[in-house]
1. Mind pulling the angle between the C-alpha long axis of helix A:356-371 and the longest principal axis of chain A? Nearest 10 degrees, somewhere in 0 to 90.
2. Please compute the modelled spin-label separation between residue B:104 and residue A:119, points set 7 Å along Cα→Cβ, answer in nm with one decimal.
3. Averaged over A:62-69, how many beta carbons belonging to a partner chain fall within 10 Å of each residue's beta carbon?
4. Quick one: A:415, A:125, fewest Cβ neighbours within 10 Å first, how do they rank?
5. Within the range A:139-195, which GluC sites (Glu not before Pro) sit in a loop by DSSP and count at most 14 neighbouring Cβ atoms inside 10 Å?
6. Apply 1/(1 + (r/R0)^6) to the Cβ-Cβ distance of residue B:81 and residue A:131, taking R0 = 41 Å, and write down the FRET efficiency to the nearest 0.05.
7. For a quick check: sort A:304, A:92, A:3 by the number of other beta carbons within 10 angstrom, fewest at the front.
8. Just to check I understand the Karplus step: with θ = phi - 60° and J = 6.51 cos²θ - 1.76 cosθ + 1.60, what whole-Hz values come out for the range A:409-423, glycine and proline as x?
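Quick note: the coordinates plus some simple rules give every number you see, no bench work behind them. Since the model is a prediction, treat every value here as computed from it, not as a measurement. Positions of Cβ are generated from backbone atoms using ideal geometry, with glycine treated the same way; all protein chains shown enter the neighbour counts.
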Amino acid sequence: MIDYEKNGISYIKKVLLGTAIPDAIPEEFLDSKEMKDIDETIRSIRTSMHAIGNGDLSTKIQGSGHTIGVIKNLQATLKTLTWQTKRIAEGDFSQRTDFLGEFSKAFNTMTIKLEKSIQEVKDTKELFEMVFTTIPDATMIISLEQGKLFDFNKAFCQLVKYSKTDLLNKTMVDIGFFKETLQENAWYQELRKNNQCYNTKINIVSKENNLIIGLFSSKIIYIDDVAYIISVIKDITELHKIEEKLILSEIKYRLLAKEMKALSETDKLTQIYNRVKLDEVLYNELERIGLSTNPIALMIIDIDDFKKVNDQFGHQVGDSVLIEFANILSQNIRELDILGRWGGEEFMIILPFTDLDGSSIIAEKLRKSIANNDFVGVGHLTASFGIAATKERTTPDQLASKADKALYEAKHLGKNRVCSYSLY
Amino acid sequence: MEDKRKYKFSWDLIGDIQLGRPNLGNTTRVEVYRLLQFTFRDIIELNVGKEQTDRIFYDAGKLAGQEFYKHMLKPTSDINEFISQLQAALRELGIGILRVEQVDMDLGELTLTVAEDLDCSGLPEGEEEICTYDEGFICALIESFTGIPFTVKEVDCWCTGDRTCRFEAHSVSYNATENEEQ
């Protein structure tokens, strides 16, 4: 009897704690219902716990009693949790688990947070779809690799004049979307490099083959790990036309202004500067004198006995003489000299960086050219020259007055000569 | 025969509890419920035998399930919504904690467990499952929801040593089709 009990305890210990256990209960205990119940229960506990431990919840747990009941309850709980997890995966966030202590709290918190996160994602998606649909600018999503249209809004259809059906499953090439390959390539290149681009001007073509100038703001996005380009296209075709017109009118305006300025500075008859321009140049040159010690000379030229020309040959011939006279002066002065008609038959030459000697040489050269010229319909004429020069700051009136004084002297001395007056 | 019946069940028989129990209210203790049920069972069993008693309790549970479905649940065609409602109602009324182990409506199969069951949790262990009333109750709920006949069998029960009552429900029509095919 002692051996029987010892063997029984030893066997129970073996099936309870051992890694490997005998296939069946020893023969000596086959007649004992208690030992058979204990053996079956322990074997059932081992089998069911092993299965549950490996995540197998389908095993039918054999036996009964408190311990087996607890294991069945655990299996039932795990099966329920599995079912609930599947429900959550299908979007049923009403699932809660109770009476499992900390686990219930963690599970329920996870479900609530997951629902909130998914709701946020849904809200964001809805917001995006709402914005995408209602945005007044044409918006399209195309695949980066093939340029295949993934989605587009109503404004896009309106811009390119295609219906939704026309555009389904089409690529950019299919609909001949881009007008210029160079622009298209540059756009792709920019996107691949920086992932985005803003306000890139790209010419596109509508279904009716009309040119549309689009301002593209694009960005690479990922949908299910596939790269796409989302683009908002602003139609600036009309704006571009207005811009071109504006540029053209600005050019015209500038030309007109230039022309008006030239007219306001030019003597209508001789086409050389008028007195207004001469006053301006003289003023500026004398201002410059104040900043340096370079000299300046002013020459006033008067055609001798011009009144007789008018009286004898008429004003028309007189005008021709004035033109021819201005041409002679113009052809014989330096590039830096400024020639203008001072009034009537009087002309003025401003000679920057020129002293009295230098200007006298030029005056003498001019005087000879005039004297030797045979004026059309009139013959030979002469002119008198009055020069004033200065190195110091003075006023235009003072300098002109001195030149005028020298001219008066040349006239007084018999005309056809050069007289000068130095202010230094 | 019909006109001689004394208590044909209607929801009105539950009565106006607020009116009738202004001080004691709408709750009682589990002992009272079990006292009622097991004294009934005892006397009925004495009169008609064990099997007939089980049948009576199954049918009574079924009638209760049909009325419960009509009066305590909101109509829905979504199985998950149905289960959620049922779980909430059973818990709120203290009937038990309903859990779902498996639902396959294509196969017409459901496995449900009820823990802390009003009928049996805490009862002494015996040889047989005792929740025949629950079987009928669950069966009627599923039939009312699906509109097709089901059979429900309790496979684990507190009374047979388990800590939770497990019920397996099978669609009669699916099983019939399966048998015909075989």
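1. Between the helix axis and the principal axis of chain A, the angle is about 70 degrees.
2. The modelled label-to-label distance comes out at 3.5 nm.
3. Shielding by partners across A:62-69 averages 4.
4. On the way: A:415 14, A:125 10.
Ranking A:415, A:125 by Cβ neighbours within 10 Å, fewest first, gives A:125, A:415.
5. Values: sites: A:145, A:180, A:184, A:190; in loops: A:145, A:180.
Sites meeting the loop and neighbour criteria: A:145, A:180.
6. Details: r = 33 Å, r/R0 = 0.80.
FRET efficiency, residue B:81 to residue A:131: 0.80.
7. Numbers: A:304 20, A:92 17, A:3 8.
Neighbour counts put them in this order, fewest first: A:3, A:92, A:304.
8. 5, 4, 5, 5, 7, x, 6, 6, 8, 10, 10, 9, 9, 9, 9
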